[in-house]
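The values are calculated or read from the model by the stated rules, or taken from the named source; none is laboratory data. Computed from a predicted structure; not experimentally measured. A quick note on method: Cβ atoms are made from the backbone with ideal geometry, for glycine too, and the neighbour counts reach across all protein chains shown.
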Amino acid sequence: MNRAVKIGLAGTCTALLVLGGIGTYNIVHGLASDSSGDGNSQDAHGFDPSAVSSTPPSGAEAKKLTRAFLDSWSRQHLDGAASDTDTPDTAQPALRDYAAGLRLKKLTFDHILAVGPSSVTPGATKVTFDVTAQVAGGTWNYSSAVAVLKSTDGQLAVHWNNSVLYPGLGDSQSLTAGKLPAGADDVKVVASDGRTDLSTFPSLRDVAATIGKNAKPTGGSPGTGVAVVDGDGAGVETVKVFAKGRPAVIRTTLDAGLQRVAERAVQDTHLQQKPAGTVALDWRTGHILAIAHSGDDGDIALDGIKSPGSTMKIVTAAALFDKAGLTPSSPAPCTDSLMANSQLFHNDSGVRADPGASLAQAFTVSCNTSFIKDGFHHLVHDGDASALNDEAVNVFGMGSWSIGGGVATTDPSIPPDVQGGDQAAQFIGQGKVTATPLFMASVAATVRNGGFEQPIILPGQRQDTAPRPVSARTAGYLQSMMRAVATSGTAAPRLGGLVGVGAKTGTAEEGDHTNGWLTAYNSRISAAALVEGGSSGVDSAGYVVRQLLTGG
């Protein structure tokens, strides 16, 4: 029966006086059977629960029967105690389970007081008392009460329910003493430092709870005390602790310091309280270092599935290098607008036309028409526009990831069979292309690492691999172009001057508003952020990512 969960502390700590000198069981029970002054029998044998008087018994009557009931219980004369109740067949096994579950050594009662009509049981008089129970592991003191009923023929009975054993104890619940059974509060999900409780971070409460239910903890030792358990033996509540246990630990990859930075970053005043989500990774290992989000729409960092805008140009450029043999100096004319498959595309405001632009220059200023023209020309053949999907899956590891601990994430999508205008829109991260901050942080990590490492939140979690590594040629080209974006391109207002940083901004149209994106890396981490309703990537997500790259 040693089953429970450490949830809270209850019970009193004041030593109670032992009730003594009542006399032997037969004498006391005989007293309870004597007639009262009005000639009514006070023995509960033969009590008819269907014939309860609307007039509560007197305080003296109720107290006398309660003393008899408690004396029988304290002496473990359980048949006698049960016979003083209105349902002996239910009371007797419950009293027996109380003794067995607690491994009861001694039970005494004190301060037995009739306190007037019961507010819970109609027609009953309430009698309160204090309990001192010597159980496995120590002494447990608590206060309880019973409701005493009177039948129409004058019989008295203790109204039975499990709360007689302990206040609030449910019908399908019981008590246990000794080792406290493990429960959710006995498992601590911590950061990589092995100490910081992840549930203390607002963005990680649900993540920590999920991991606590699904991952295997290590270490820890149970405490001892008294607990309430349900019918299956699962812990419901700890009501007394004799010795505190040490919670088992589930260590994650999350960095406590960087998580604090991320929590502040998504609340940056420049965002004007717009929903935001961010993820940071160790680009060498794929370890998730921080996850943070704001707003009321769930975890935007892991599940904010939106068109990623021009951050997708990282994957487009990689496909142009790998599949078409282009280089950063290859022509990529930047025009004000472009028609592709009967759909008109345009650039973001501030992007000037440059007919002589190279691919690197178009990437730096984020020219949409350059990437649509080159992508449509080099990567769509006879209506087959699956090249971008192939690059994302086989080089950047796009797929259904399991990051560990049962934590769900939303998969990105670049459909291999897009048609019409979507064949062109995909190259600038619009149309049917969707991604999350988690995926875009991984894209930047793959560039910086020169290969894909699937993001994980638990050390040792299995990591999917990409069928093809990033070639040294392609990785070098992308790193050079992303560095230019950070130093002199669209990300420079936020990231310019930071050492070793590569980046790509994105602004994606969605209905009547835009979403701001930015993904970047430095010598230690990669990070991505999404701000719903952000006017541009640099002026929204840029503030979030900068804090992560600089440590706040």
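Some observations on this one:
- Among residues of region 203-232 that are of a type in the set (K, R), those with a beta-carbon under 8 Å from a residue that is part of a loop (DSSP other than H, G, I, E, B) and surrounded by fewer than 19 Cβ atoms within 10 Å (Cβ to Cβ) at least six positions away or on a different chain give the pairs K213/G406.
- Restricting region 517-548 to residues that are within 27 Å of the chain's Cα centre (by Cα), of a type outside the set (V, I, T) and in a strand (DSSP E or B), the residue that is farthest from V499 (Cα to Cα): E532
- All told, A91 falls short of being crowded, with 23+ Cβ neighbours inside 10 Å and more than 17 Å from Y166 (Cα to Cα).
- Top-ranked residue in region 430-467 [being more than 16 Å from A317 (Cα to Cα) and of a type in the set (K, R); ranked as surrounded by the most Cβ atoms within 10 Å (Cβ to Cβ)]: K432
- Residue satisfying all of: in region 347-357; among the charged types (D, E, K, R) and part of a loop (DSSP other than H, G, I, E, B); surrounded by the most Cβ atoms within 10 Å (Cβ to Cβ) among these: D348
- All of (1) on the phi < 0 side of the Ramachandran plot; (2) surrounded by fewer than 21 Cβ atoms within 10 Å (Cβ to Cβ); (3) not assigned by TED's automatic domain parsing to the domain that holds W517 hold for T269 with one exception: (3).
- Each residue in region 368-386 was checked for being small (G, A, S) and out of contact with any Pro (no Cβ under 9 Å at 6 or more places or on another chain), and 2 pass.
- Elements of type helices (runs of 4 or more DSSP H) contained in region 358-450, each with 3 or more residues being touching a residue at least 40 places away in the same chain (Cβ under 8 Å) and closer than 23 Å to L204 by Cβ: 437-449
- Test result for T507, assigned to a strand (DSSP E or B), out of contact with any Cys (no Cβ under 8 Å at 6 or more places or on another chain), of a type outside the set (K, R) and assigned by TED's automatic domain parsing to the domain that holds A445: yes
- Exactly one residue out of F439, F396 is modelled with pLDDT of 95 or more and in contact with a helix residue (DSSP H, G or I) (Cβ under 8 Å, 6 or more places away or on another chain), and it is F396.
- From R468, R473, residue being touching a residue at least 60 places away in the same chain (Cβ under 8 Å), more than 28 Å from H346 (Cα to Cα) and in a helix (DSSP H, G or I): R473
This table checks each residue for (1) modelled with pLDDT under 95; (2) more than 17 Å from the chain's Cα centre (by Cα).
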site: G245; (1), (2): yes, yes
site: I250; (1), (2): no, no
site: Q267; (1), (2): no, yes
site: H270; (1), (2): no, yes
site: L281; (1), (2): no, yes
site: G295; (1), (2): yes, no
site: G309; (1), (2): no, yes
site: I314; (1), (2): no, yes
site: D322; (1), (2): no, yes
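- Residue within region 341-354 that is in the same structural domain as M440 (by TED's automatic domain parsing), more than 34 Å from the chain's Cα centre (by Cα), in contact (Cβ under 8 Å) with a residue 12 or more places away in the chain and closer than 30 Å to V407 by Cβ present: no
- Region 102-125 residues that are under 13 Å from A145 (Cβ atoms), paired with ones that are surrounded by fewer than 18 Cβ atoms within 10 Å (Cβ to Cβ) (beta carbon under 6 Å, 6 or more apart): L113/T128; A114/G59; V115/T128
- V120 vs. criteria buried (at least 20 other Cβ atoms within 10 Å of the Cβ) and in the same structural domain as A81 (by TED's automatic domain parsing): no
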